[in-house]
Each structure stands twice: as C-alpha cells, then as structure tokens.
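First the structure, in the form of structure tokens, and then the observations on it.
The values are calculated or read from the model by the stated rules, or taken from the named source; none is laboratory data. Predicted model only: the values in this text are computed from it and were never measured. Neighbour counts are summed over all protein chains in view; Cβ atoms, including those assigned to glycine, are modelled from backbone coordinates with ideal geometry. Accessible surface is based on the protein model in full, side chains and every heavy atom, while ligands, DNA and RNA are left aside. Shrake-Rupley method; radii C 1.70, N 1.55, O 1.52, S 1.80 Å.
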Amino acid sequence: MKFRTTVPVIFLVVSLIGPAKAAPESRIPQGQLLVEVFEGLESKSEWPVNLGESDACFILPSFALFALPQKYGPLGERLHYQAPILIRMTGRVNLGDHTYTFLDRTNGKSRLWLDDQIISQGEAVTESPNAHGHMRPAVNPESLYPRGRLGTKDLLTSVSPTSGSHKVTLECLIGYRNKSVPVHELLVAFQKQQSDPWFLLSPEAEHPTSFELLALSKLKENQKSSFEQLNQKQRDQARKQVNSYWNSRHKKAKRYINSLPLIEGTVSRINFNSKNVIDQLLDIRIVENNNSIGKHAADNQFHEKAWPILEEHCIRCHGKKAKGGLRLDSRQAALAGGKSEFATLVPREPERSELFVRITAEDELDRMPFEADPLTNEQIAVLKDWIQSGAEWDHFTEFVSIPKPLDELSFLRRIYLDTVGVPPGTDEIERYRSDRRRNKKSRLVNQLLIDPRHADHWVSYWQDVLAENPSLMKPTLNHSGPFRYWIHESLLDNKPFDQFVTELVTFQGEAYAGGAGGFGLATDNDSPMAEKAHVVATAFLGIEMKCARCHDSPYHLTTQEDLFSLGAMLAGKPLQVPDTSTVPVTFFERLNGRKSIIQSNLEPGTSVEPNWPFAEIIDESPKKDMAFNNPAVELAWEITRPENRRFAQVIVNRIWKRYFGKGFVEPAYDWEGNAASHPELLEYLAREFVANDYDLKHLSRLILNSTAYARTSINHSTGDNRFFQAPLRRSMTAEQLVDSLFSSAGVPLFTEELTLDVEGHWDPEIFVNYGFPKRAWEFVSTSTERERASLTLPMVNEIVSLMRAYGWRPNRAEPITDRESESNVMQPGVLANSSLTLWVTGLSDYSDLTTLAWEIESTEALVDQLFLRFLTRLPNDHEKTEFMALLEEGFDSRKTAMTDGFKKEKWIPGIREVSWGNHLSVEANFHVAAKVETFQKGPEPTRTLKADWRERMEDAAWLLINTPEFQFIP
Amino acid sequence: MNRRKFLKTSASGALMTALPARLRSNQIPKNPAQSCIFIWLGGGNAQVDTWDPKALGDPLQRIAGSAYPAIDTAVEGVQVCEHLHRTAARLDRMTLVRSVHHEVINEHAAAVNFMHTGRPVSGTVVYPSIGAIVNHELGAAEIGMPGYVVCGPPSNSRGAGFLGAKYGYLYVTDTARGPVGFTRPPTVSEARDLRRQKMLKSMRNEIVQTIPVEDPLLQYETVMDTSLQMSRGGFSKVFQLDQEADSLRQTYGGEFGHRCLLARRLVQRGTRFIEVLHNLNFKNGTGWDTHREGQQGQHLLIQELDTALAALVDDLENHKLLDSTLIVVAGEFGRPSSFDVAGGRGHQGSAFSVALAGGGLNHCGAYGTTDDLSKKILEDPVSVPDLHATIYQALGIESSKKLFHNDRPIPITNDGRPITALIS
C-alpha cells in the first residue's frame, strides 16, 4: 500500500517540493541530494526495470542515510515499508582532477553510478545465520575510517574524473527474511590520496563531514531529529483528512454537555465562571466535614478497627451481592440478617451473634470468610469487642486541616516531575525564580504541557493500563506488539482522547511497526480478543472482568458472556470460548458437594456474538440510531460518545489520581459498588473533558492550576474518606527515577542498541529493534528466558534492573493501574552499589558534573548548585557545612595540567560485533563477557581533574541520589 | 447449641472412593526437607546423553541414539552416560525421573516459563515461579536472609508474580562479585564507602527528625537499614567463597561449581530456594541447547555438571544437610535421540528427565521409563504440575494448598499429584 497520497515529497527541513517524476534531479536544490524510496518491488535479487514514481522521497545534505522516515497510512497509522525496497540517492558533486578512492557502504545489492557509468556494484550481503555463525575478524587497526555495522559491505573503487560537476547515484536493493528491510548505514565516502583523511561525499563541498565516528554520530542524530519533524508533518497531514469528522463529533459533544442541567447540589453554591471551580468543590466537602466533627465519640472502634475487617473480608459477598440474603454494609442490614434462622448481630452478645459464631467456626465448611484464609485471632478479638460494646456503626472522620502551600522550589520540583517526568534543570529553576510576572505559574503550566517531554512522561502510564507487552525476540508469552510508539505519537500530537480510543480498538497501524495494531496481539493466548476486552473494560469503563474469563464473576455483576460479547466486538465477528477458558471439572468435584461460589455458564466451544453488553450498566440515553458495518467501530463509538458518562468519568478519575495519588473512585479500574467521594467535582471535570474535545491536557491544566494541587502533600487518606486538601505524598515511578538520575547528573542516557538482530535480517515480527532508547519508557525486558550470556546488553540491563527494583514490570501481561509501592531491600542496594550509580555519578568527559566541577568558583557555590540540580533546593546550614567540608579538601588544586579547559565530549556507542547470528560461538561469549566487565568498572574518569578530589565530588553526587528525599516527590 | 452443617451433602462420600490412590495421598513427610537447590540446565539437556541413556547412535551418520556409552551406577539396573561417573557412584541418594513431559510448544521462553510456573501464561494474572511459592510458604529460616536466591541473570519466569515483589529473588551473576545491589563496586574503597555512608546517615537522621511519622519516606528509611545490614552482615558474608578451603573449592570446579558451593552456604544460612543456573556457555558456545555444532562440546558441560553435582552431594552430606536439602536438576525440555543435519539435537518436551537428590526422599535410582528412543513414555508419566507437587510435598508444603490472588483461590499446582513412592 502506497503511503504517498496527494503530496508525496517531503522536505527534510521546512518546505515541500513537487511530486517525483522521471527526471528528479532537475529539481534538486543546490548543495543537496535526493533520496527516493521504491517499495513493494517484485524481486530482491534483480534490479527493477521501469520504475514509476517513487513511493517516498526526501532531501539529504550528504551521501549518508541511517534510517528511513516512518511510513504512515492515510489515517496517520504506522506501517512497514513493503519489502523489498530500492533506495536511490542522487546528487551533483564537484570533483577535481584527481584520482579518488570512493567507498560505498551498503547492506543490500548495490550500484554506484558516476554520471551514466556504473563504477561499483555488488551483490547483497549474505543473510545472517541462525545463531551458529562466527564473529567477523578483528578490525584493522590501521584503518582510517570506522568499520561498518554488521550486515553492511564496503566496496572500494578508484575513480579519475574530469574536473567539474558530476552526477553521483547510489542504489541499494534491500530485502531479507519476510518483511525485513533494514536501513542502517548507506553511505559514500571518498579519499583524495592514500593516507589522506576520508570524508563523506556531499554536493555541498565547503564543509565536508569527516568519515569518522564522532562526526557520523552527530550526523546520525541530526538526521534522526529531522526525520522526527518529518514524521510529525506526515501525521499532521494525515490528521487533516479526518479532522472534519472529529470536529463535528466534538461539536455535538459540546452541544450535548451544554444541554445538560446544572450539576445537582451545586446551584447557587458554585461560581462556574471563576477559575478555581475545583477548589470550590473541594472546599465544600471539607467544610461540611469539619462542621460535623464535634458530634462524634472520642474513641471510635468501629471505623478504625472493626469496619476495615468487614470491608476487606466480608463485603465482597455480603455487600451488593448479598450472598445468603445478608448484607453487612450498614447496621440496619446487619441487624436485619439474611436467610439464616440465626441472628447475624446481637449487640453486646457475641456468642449469640451468628457473625461471631461463623468467624470462629472450626469446620471449614461452616467458617466465614468462605473459601478464604480464616481471620486472625487479633481480628476476631476486635470484632468480638466491638459486638460486646454494642456494635455501634460510626464512621468517624478527623478534622481536615488545610496544609500550607508549597514553597516555590518544592512546587517547581513537583510540577516538573508530574508533567515532564524529570526535575527542573538549574537554568529552568533560575528562569522561573526570576520571572516576575503575576501569572507565571499558569504560564509555566502551559509551557510544561506543550513540552515534548510531557509525552514521554505519560507513555508509561498507558503502557501499564493497556498492558503494552512486547518482547525483544520471538514473542510467545502473551506478548503484544510494541504499540508504545503509537501511544507516544498520540501524546506528542495531543490526539483527542476519543480518537485515541477509536484507533486503539480498531487496531490501526501494523502490529510490529509500532502501530495500535500491536494492541490486538497476545501471543499464544487462548483468546486474545477476550484478553483485550478485559483491558478495554478496565481502562475505559471501570469494569473489572478478570474473573469472567473462565466463569461468571463471583463478586461482580458481569458474566462470562459479557466479556466474550465485548471480545467479539473487538474481533469484528463471533468469538468462540476456548476449552482452556473454563474451570476444569475436577474443581467442582473437589468441592465435595458444597455449593460453588462460581458458576460457569458458557460451554467451551460456544460462539458468542458481538454485542455491547453494558447498555444497562452505563447507558443513560436512548438507543442509538446509527448503523455500523464493523462491530469494532461500533464499540469505539459506544465507549466514546458523549452520552457515555462513565467513560468520561473514568478518564477524569485516572488523570486526577495520577496527580493526587488517589481517585474520586477507588479502585480506578473497578467502579462496581464503589461510590465517588466527590460526585459533583467528578461530574464537573467529566463535562469539561467532553466539552473540550476530549483533551487530556485541558484536564491537566485545570487540575495543575488548582490551589489544592499546590499545597504541601499529605501522608495518607483515611480509608474511604478522601478530601484532596493536597496531593498524597508519592514516590517517583521507576521511569521517573531513571530519567531523573540521568538528567540531574547531566549525563546523556545512551545504551547499546536495543535489539538482538543487529543486521536486521530477521522478520520484524520475530526480532524487534527498539533503537537507542533515550527515555525510560523506551526500554523493554531483556529476559529472553534463554539466559545466554552472549546476548547480554550490559547498559540496557543496568537500567532495566533498577526499574524492576522500583516496580516497573518486565512483563505486562495484565493491565494494572497501581504498581506495587511497598519499599523493598533491592532499592537502596541498587542506588548505593550498582554500576548505574557509577555511570551517573562518575565524572567522565560526558558529564555535566565535570563541566560544573571545572567552571565553578567556590565550594559554597558548588554545593548550592549540586543541591539545586539533584534536590531542587538549597542546602540548609548543616548540610552546607558538611558538604563544603567534603569538597574543600583539594578544591583549589583540583584541575590537572592536562588541558586548558574542559570540553564536554559526546558519548558514541561502540560497534556491535555480537548479534543473534553469531551469539552461540564460543568467542562471542568471551567477547561479551569482556564488555560486561568493562562496563561494570564504571565510565572512564576525566583526566582533567585530580583523582582524589574527583572522588569527593562523585561522593557528593552519590549522597544526593541516595538520600531518600531524592526519590520522593514533594 | 448445635450448628448444623448447611452445605455438606451426602454425595461427598461416594466421590471420595472413586478417586485414584495417588490423589488421596496428602501426607507431609515426618521430616520434610528444609530447602531446595534447583539446578537449571539452561537450553534443555539431552536425556539420552545424560540421565536416560539408550543404545549408542551416530551423530555423523545421523543414527538416533545416545552420543556416549553408558556406565553402571551405585543402583543396580540403572545406568547413566559415561561422563557422569562421579554422580553414578552417588546414585543411591538420587532418583532420575525419566518420564517428565509437557505439551507446551518446544520454544525456550514458553518452556522455561512452564517449568517454573507450571501453568500456561494467562493474561489475567502472572503466576509465581516455584521458588517464589516456596519462599511464600516457608520464608527464610533466618532473619536477615532472603528466602529465595537466583545464581544467574534475572528472568521474568522466575519472579513472584501475583504474590508480590517481596517474595521475589535476590540474585548474583558473578559469584566473585557478590549479590547484586549488596556489594560495593570494586572501584570504591572500603574507606571511601564508610565515609559516605556516615555522611548519608547524618543526612537521613535529619530527615527522620523533621518529617511526620506517617510519611511513606520512613518506610523506605527502614528498608535502607535492612539493606545495609545485609551488605555488611551475615548475608553478604555468605558470598565470600574464599572462606572455604581451597581444596573444597577446587573439588567443585569452575564458576558453575562455585554457584553450587554458594548454594550450600545459603542453605546453611536459611535460604529456602536457590536456583543455580548452568548458563555460562564458554565451553561449547551453545550451552545445553546442543543444536548443530553445539553437540561437539557437550561432554565438557556434562563433565562440569558431574563434578559440581557430586561435590555438592558430598559436601551436603558432610555437613549432615543432604537429607534436609532437596536437589533438583532440570532443563526446560529434553532433546530427541535423533540428530540434526550438523550432528546436533533439537528440542523435545514429550519425554525428558529430571534428576532429584537428597531431601529425605525414598530414592530408587530411577523412576518412570521411556521407550528405546526415549521418545514415548512407557510407565509412570510425571507432568510438570506433578513434579512441582512432589517438590512441595518433600518440603512439607501440602500440594493441595491454595494461594490467593485478591479473592481468587489458585491451587498451588494445576492439579499436580506428588510421586508418592518417593515421599516417605
């Protein structure tokens, strides 16, 4: 499928040039070259004849191509280029009257033309073997140019042109296993004379790029960011096609919202024209609570002790479900009892209260809670005491005091972490502090929300909620495709959320090209669509159907049929219940005649029709009057239409929870039977969301500008009672921690290339290439369950290892909203002793800390700068004294005579020699073991500072990242 | 007052007698094993070249069969391949379960996962691995020690799943370097480390005094102390293998042997489950995954295993720990007796062997039989859940136990029945 639509040619930098025709070079601007891509060719071994128009073309400054721009479909969905492809680079270069040596480096069948002559040609590189290959011979130390990537070939040609302008064309035909079309390193370089330095061939002759690692690395990065702009343009262009559709939907949504009556309970109490509606609505509840405090008894046994036990162990059956006719969620219900002839609750007489008898029953068949561990002795004692003292049912609440507003620097740290996922740099701190404008805070909020790092920060949230679970290779363990890239682009583009959900559930974009099609995969799962139905319901509707996979939910109203109907909608056709999604017969046999808590209503093999199962639970509006030809599209509409109030509220709740630590409804993924703490506020924000194009940033803006958000954090909220007088104290997520470590230290995050197939000869469905990650969300588990040492990527492993210790899931087979938050012993251990800490705190030539150490004038100023960098505050007196003492010794003579000044260097990844193709060779094992050992020593320290003092400075950084304050958000 | 049993019916009695004898046995041994050392042969070892030898084949001629001749062992009628001669002499304290099988596709990741969790991957819950379950049920026998340690790289299949991270493992990838996260890097001197820990303590004290008592930061604070104790105290010292006699370390052999020695020390200090990976493929490149040319160096691996395993059995016995330590030697699957194009072997899950040693079991040398080609199981098939049930039972954990994930009861194995002949 050609992705070129009406405007095919895209400029590298700004403007567009016309459609590609037969003689493209006549339109190439001076000093540039044209790159054309032809896809879907007939053969990967024969040069195509009669090529028509190219499928994509763009401009480059020199004969060096490291990747292709992303290919998109008409709706902006991510696609693969269709194998095999031909890449043609054409430009006019000025050559002199010399004998040049040209080098062309390609990874496919190649031809190099000078004017109309083929001066060099070669066959495709041999396909990389399946693991049992060998490493290539060591690099020639005499070589004047860097070695090519695995999978490339170099051809050298001697050329003696006449002086003047010549047309040079490089062609490369690329295609390997199945869909693989790797484009990693296509270049032409030249050397004027033997032992002269090499340069990249370029139409622009003034400042040729050196053909050496550093220059190549810089060029590659520039190209990458140019392509990111190009990709952005393509998506913007594609979105224009669908804009009118979404605009009209959003207009209708706004009209719908405006037609609704005022939110109940708010008439005359809330000024909706004021900026702080959120604060008004929060304040109402706080005031109400505080006014009612005086009436409660001092000692509240029930709320603090007895109720939590009932809530956790009894309500799931004796709440809404009313098993045995008994409800225990109110005193009245408990006293009324259930179907049993025995009184459930007899105040002051535990021995006569059936509740007490059952929790102390010896026989498993009689004992409550049913089918669970018995209550502990302490818990039984609490309930006994409570009944003995009269079984009062008081939900006591404490006086809610309003915390102070955060000081400016703490606020800055919090809001940066909450929006862009890293603390502010010292320059950003300075800029904000010196800003004297009255509305500087709201300006800052706006600025942060459009910062591209905001998108980075939110990817991980949706990875968890949508169970994005790709593998590095051979995905067989419930893996999805890598649709993180679609998530990231959607966030960068601030895609309206209804559009986001629609693209997700209609699986747009190729699964292994990073499109939302990847959401449709759950490899080796017995029913992927049932799986995805579970994800969709928890993510967007607050309906938990995890249990309904194999049987009707015992504690919820949803049935197995509900889950499979939803799954069938996603599948676009009827869905069969697999044998493996039922409870085995032996389970029921083992009950020995007891009635089972679960029932299995669907026979394996039953075919379930696509059907929207939540019309009763959610729908408040009249039946729809639209027809859909595709159940998945219908599903998208049912979820995102403005009348689906639940959807808007669930999303609002999620966003709110992320900033405040808890939602109005808990848990955020399961709303059944759980009332909202602030129904009016929830409704207000839901309406704002729907009436404003389902814009997530609009919600964030409202929340981040509230007074409540800017207050000192509170440490806990008592059970059900949430007042949101301030955000809850939170610790950094694993991703925030990694990104913050690197950004605070000013060390660039560079690892090995995150792939096991360096040559790129394998089908992208079997080996995924994650590129060079820059932010934490880009990482993936390196566990391939083969534990082969030769496949180790030490730098990637370090980062993944830290994240794992902090709750990042290496395998996201199931969707979650809340990660594990309990501290564990690995965490301080990793921060104190890992190679990652050496990497980040080491004063290498790549670190801003080294620049700082070099340029700073006094230890006092240095300590201030360090505290600002790492903790976004200045040191107190005690800290200042201690740190100055640490750094004073040797400070004045810290610089060595090595150089006149310090210049920060760029870290360049090394050339990978071990790939899947050769990893089983013995030498590969030794090679990688050596790399691991080198890495574990830490980065090479700068020689511009004396070792002893340098270590003191490194220790200062170590202290600031190991102090618990670093990882807790103010 | 007589409470009636509301829910029982009379049909239950009839059901009980219909079940096979193995199902009824739920006995916990009188003296259950206290720990388990789970030796993992990453890649899947060929049973006909190790525990279940058959007639000699020929890799070059591609005639199916064992690659090496078999030898007698300490148990009459039971043979093993010739490269396992040390283990052969100790076979009276072992049982080679030759009839293990699974129907998971013969792909490494899926098979590794299945061997550890006993269940296919589901999208609704992440199942814990056997080590995490043992850790959850028994916990470390000593304070300050972890209940579950992995000697090898971290892996998704070995985690604690829904049980939660606190039942997960600590790990060591290089025995010389010590447990990951608990040993200071070699480039940092002890003096320097002490200096900065002291300053950190001073900073921490200030924080503790100024923040409110319910601040979650304080929970992290506590964990910092535990971690430091582990770095400095008994836990860290367990890893100092140079405390053992040189001669003993030499008996164990290279890095793999050192991992086994470390496992013995961890057992002594109360760790319940130690998984020891044999995954360093310097000897033959492929490790136990002996496709193609990998087969050529396989005997070196087997010898390495033999040396370490025999040393471990002896060492445990000398410390009077063999009866209380169950050793399991397994891989993700076995391999066919036929050879591939380059003289190596592919994968086979339909019949393979797992070796058990020590643990107070009623050892009988070998259990279960396969046909001449070790392709089909003839007697006493043992599923992976059955294998897990056997291990749990040996450790005194009832194999009928239920774990809980929120409200959902999840049996500890997926219908596994322990091998009653082995449990006394």
key: Distant-in-sequence amide H partners of A:LEU945 (H built 1.01 Å from N, under 5 Å)   = A:THR896
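Can you compute the charge dipole magnitude of the protein assembly as shown about its Cα centre, using +1 on each Lys and Arg Cβ and -1 on each Asp and Glu Cβ, nothing else charged? Give it in debye, rounded to the nearest 20.
The calculation lands at about 2100 debye.
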query = Bin by bin, in steps of 10 Å, what percent of the Cα pairs in the stretch A:120-247 do you find, going until the bin that has the longest distance?
reply = 8, 28, 32, 19, 9, 3, 0
query = What percentage of the solvent-accessible surface of the stretch A:664-765, computed with a 1.4 Å probe over protein heavy atoms, is contributed by carbon and sulfur atoms?
reply = 49
query = Along the stretch A:470-476, what does the Karplus equation 6.51 cos²θ - 1.76 cosθ + 1.60 (θ = phi - 60°) give for ³J(HN,Hα), rounded to whole Hz, x for Gly and Pro?
reply = x, 10, 6, 7, 5, x, 10
request  = Can you tell me which of A:520-528, B:143-151, B:44-52 comes out highest on packing, and rank the rest after it, using the mean Cβ neighbours within 10 Å?
outcome  = B:44-52, B:143-151, A:520-528
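Pick out, in residue order, every one of the trypsin sites (Lys or Arg not before Pro) in the stretch A:615-688 that is DSSP loop and has at most 14 other C-beta atoms within 10 Å; say none if there are none.
Listed in order of number, the matching sites are A:LYS623.
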message = If you scale each eigenvalue of the Cα gyration tensor by 5 and take the root, what three semi-axes come out for chain B, rounded to whole angstrom and sorted largest first?
response = 37, 31, 20
inquiry  = Between the stretch A:329-364 and the stretch B:145-202, what is the separation of their alpha carbon centroids in Å?
reply    = 50
query = Other chains' Cβ within 10 Å of B:159-168 residues: what's the mean?
reply = 3
task = Beyond 26 Å, what share of the Cα-Cα pairs of the stretch A:395-519 is found? Please give it as a whole percent.
result = 44
query = Taking K and R as +1 and D and E as -1, what net charge do the other residues with C-beta under 13 Å from the C-beta of B:ALA132 add up to?
reply = +1
10 Å binning of all Cα-Cα separations within the stretch B:187-226, expressed as whole percents from 0 upward = 27, 46, 22, 6
request  = Provide the per residue accessible area, probe 1.4 Å, for chain B, rounded to a whole number of square angstrom.
outcome  = 38
inquiry  = At a probe of 1.4 Å, how much accessible area disappears from chains B and A on forming the pair, both sides counted, to the nearest 100 Å²?
reply    = 8000
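Could you pull out the longest piece of chain A with no exposed loop GluC sites (Glu not before Pro) in it, calling a site exposed if DSSP puts it outside H, G, I, E, B and it has at most 11 other Cβ atoms within 10 Å?
Values: sites that count: A:GLU42, A:GLU46, A:GLU123, A:GLU142, A:GLU206, A:GLU264, A:GLU341, A:GLU362, A:GLU364, A:GLU620, A:GLU857.
Answer - A:365-619.
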query = Name the residues of the stretch A:456-493 whose accessible area, probed at 1.4 Å, falls by at least 40 Å² once all protein chains are in place instead of their chain on its own?
reply = A:THR476, A:LEU477
task = Collect residues whose amide H, placed 1.01 Å from N in the peptide plane, falls under 5 Å from the amide H of B:CYS36; neighbours closer than 5 in sequence don't count.
result = B:PHE273, B:ILE274, B:LEU326
inquiry  = Test of understanding: what is the full-extension gain from B:THR187 to B:VAL341, defined as 0.36 nm times their sequence separation minus their Cα-Cα distance?
reply    = 50.6 nm
Chain lengthening between A:ASN258 and A:GLN194 when straightened (0.36 nm per residue, less Cα-Cα) = 15.3 nm
Value of D in µm² per second that Stokes-Einstein yields for the stretch A:172-313, Kirkwood Rh from Cα pairs, at 10 °C (1.306 mPa s) = 65
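Quick check: residue separation of A:SER607 and A:SER143 times 0.36 nm, minus the Cα distance between them. What number comes out in nm? Let's see the in-between values first.
Working: separation 464, 0.36 × 464 = 167.04 nm, distance 6.61 nm.
Additional length available on full extension: 160.4 nm.
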note = Rounded to one decimal in nm, the spacing of the 7 Å Cα→Cβ label points at A:GLU221 and A:LYS880 is 3.6
task = Give, as ranges by residue number, the residues of the stretch A:819-846 whose backbone N falls under 20 Å from the point 7 Å along Cα→Cβ of A:LYS946.
result = A:843-845
query = Check B:GLU107: other-chain or 5+ apart residues with amide H under 5 Å from its amide H, H built from backbone geometry?
reply = none
ask   = Counting only other chains, what is the mean number of Cβ atoms within 10 angstrom of the Cβ of each residue in peptide B:403-410?
value = 4
key: GluC sites (Glu not before Pro) within the stretch B:209-287: DSSP coil, no more than 10 neighbouring Cβ in 10 Å   = none
note = Excluding residues fewer than 8 positions from A:LYS275 in its own chain, the lysines with Cα under 30 Å of it are A:LYS251, A:LYS252, A:LYS254, A:LYS404, A:LYS440, A:LYS441, A:LYS495, A:LYS657, A:LYS662, A:LYS697
message = How long are the semi-axes of the equivalent ellipsoid of the stretch B:166-254, taking √(5λ) for every eigenvalue λ of the Cα gyration tensor, in whole Å from largest down?
response = 33, 16, 9
note = For A:ASP427, placing the label point 7 angstrom along Cα-to-beta-carbon and taking the stretch A:210-253, residues whose amide nitrogen sits under 20 Å are A:218, A:221-222, A:225-226
ask   = For the stretch A:895-970, max minus min Cα coordinate along each principal axis, in Å, sorted largest first?
value = 45, 41, 21
inquiry  = Need one number: nm distance between label points at A:ASN276 and A:GLU123, each 7 Å from Cα along Cα→Cβ, rounded to one decimal.
reply    = 7.7
remark   = Whole-Å distance linking the alpha carbon centroid of the stretch A:64-123 with that of the stretch A:470-519 is 30
Helix A:213-259 vs. chain A, principal-axis angle (Cα, 0 to 90°, nearest 10) = 40
note = Eigenvalues of the alpha-carbon gyration tensor of the stretch A:702-833, times 5 and square-rooted, give semi-axes in Å, largest first, of 35, 16, 16
ask   = Using a basic spin-label model with each label point 7 Å from the Cα along Cα→Cβ, how many nm lie between B:ARG232 and A:GLN232?
value = 5.2
query = Where does the stretch B:214-276 land on Rg/Rh, using Cα atoms and the Kirkwood Rh?
reply = 1.16
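With every protein chain left in place, what is the accessible area per residue of chain A in square angstrom, probe 1.4 Å? Walk me through the numbers before you get to the answer.
On the way: 39380 Å² over 970 residues.
So chain A comes to 41 Å² accessible per residue, rounded to a whole number.
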query = What residues of the stretch A:940-964 lie in the reach of a label at A:ALA897, counting those whose backbone N is under 20 Å from a point 7 Å from the Cα along Cα→Cβ?
reply = A:942-950
inquiry  = I need the Debye-formula profile for chain A: one equal scatterer per C-alpha, no solvent, reported as log10 I(q)/I(0) at q = 0.04, 0.06 1/Å, two decimals.
reply    = -0.24, -0.53
remark   = The FRET efficiency for A:GLU616 and A:PHE588, from their Cβ-Cβ distance with R0 = 35 Å and rounded to 0.05, is 0.75
query = Looking only at other chains, what is the average number of their beta-carbon atoms within 10 angstrom of each beta-carbon in A:955-965?
reply = 5
message = Please compute, over every Cα-Cα pair in the stretch A:467-528, the percentage with a separation greater than 20 angstrom.
response = 22
task = Can you tell me the FRET efficiency between A:GLU408 and B:GLN243 if r is taken as the Cβ-Cβ distance and R0 is 51 Å, rounded to the nearest 0.05?
result = 0.40
request  = Filter the cross-link list A:LYS320/A:LYS384; A:LYS192/A:LYS220; A:LYS44/A:LYS224; A:LYS595/B:LYS402; A:LYS946/B:LYS198; A:LYS44/A:LYS153 down to pairs whose alpha-carbon distance in this structure exceeds 20 Å.
outcome  = A:LYS320/A:LYS384; A:LYS192/A:LYS220; A:LYS44/A:LYS224; A:LYS946/B:LYS198
